[in-house]
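Q: One structure, pasted below without further comment.
Nothing in this text is a laboratory measurement; each read-out follows from the coordinates by a stated rule. Small disclaimer: the values here were computed from a predicted structure and weren't measured. Heads up, the Cβs are rebuilt from the backbone with ideal geometry, glycines too, and the neighbour counts pull from every protein chain shown.
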Amino acid sequence: MANEDTLVQWLAQEQAVMERMNAGPGAGVATPAQIAGKTGLEVMQSMLAGQLPYPPIAKTLDFSLIEVGEGAAIFQGTPGTAHLNPMGTVHGGWFATLLDSALGCAVHTRMPVGRGYTTAELSVNIVKALTPKVPRVRAEGRVIHCGRQLATADARLVGPDGTLYAHATTTCLVFEMPAQSRA
């Protein structure tokens, strides 16, 4: 029963988030002017509030940012038939993209104004096959370390019943954003 209760909560949260995000600019890429003067956490919170566009890849691969906090990000995805590999299970690239999003956005929440990051290394371990029979999964990312030049994070991809489908780690390069990107 906990599985069903959790799924109901996840679906309600997803619906509320998507209503807010789609009521704003929808899918797209924020302009430098829109993010000027904002910390990474403020940018992520603005996306969730529907004040900034959310990345178009979320629509393409049917996943969404659900929650952010200092050093943490949660994405929720719907494994569908469009994501299947020739063996009839969800393609590893879908796992990797969902986990990379949670990892990167967790790091993003730790960026001060004028700082950016990029993924330098991504390691994904798929421990259980995933099919569209699982209605939703969550990628829960958290920062392990965030320094001046490097940040590391880990994430887990879980179902509403707590089943672990994959886990991942990342190393990100942290850098000063070029001045024209901040204005």
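Q: Mind counting the residues in the range 127-173 that are among the aliphatic types (A, V, I, L, M), closer than 20 Å to Gly69 by Cβ and touching a helix residue (DSSP H, G or I) at 6+ places or on another chain (Cβ under 8 Å)?
A: Of the residues in that region, 8 qualify.
Q: Give me the helices (runs of 4 or more DSSP H) completely within the range 21-139, filtered to those with at least 2 residues that are over 17 Å from Arg156 (Cβ atoms) and in contact with a strand residue (DSSP E or B) (Cβ under 9 Å, 6 or more places away or on another chain), ordered by residue number.
A: So the answer is 40-48, 57-61.
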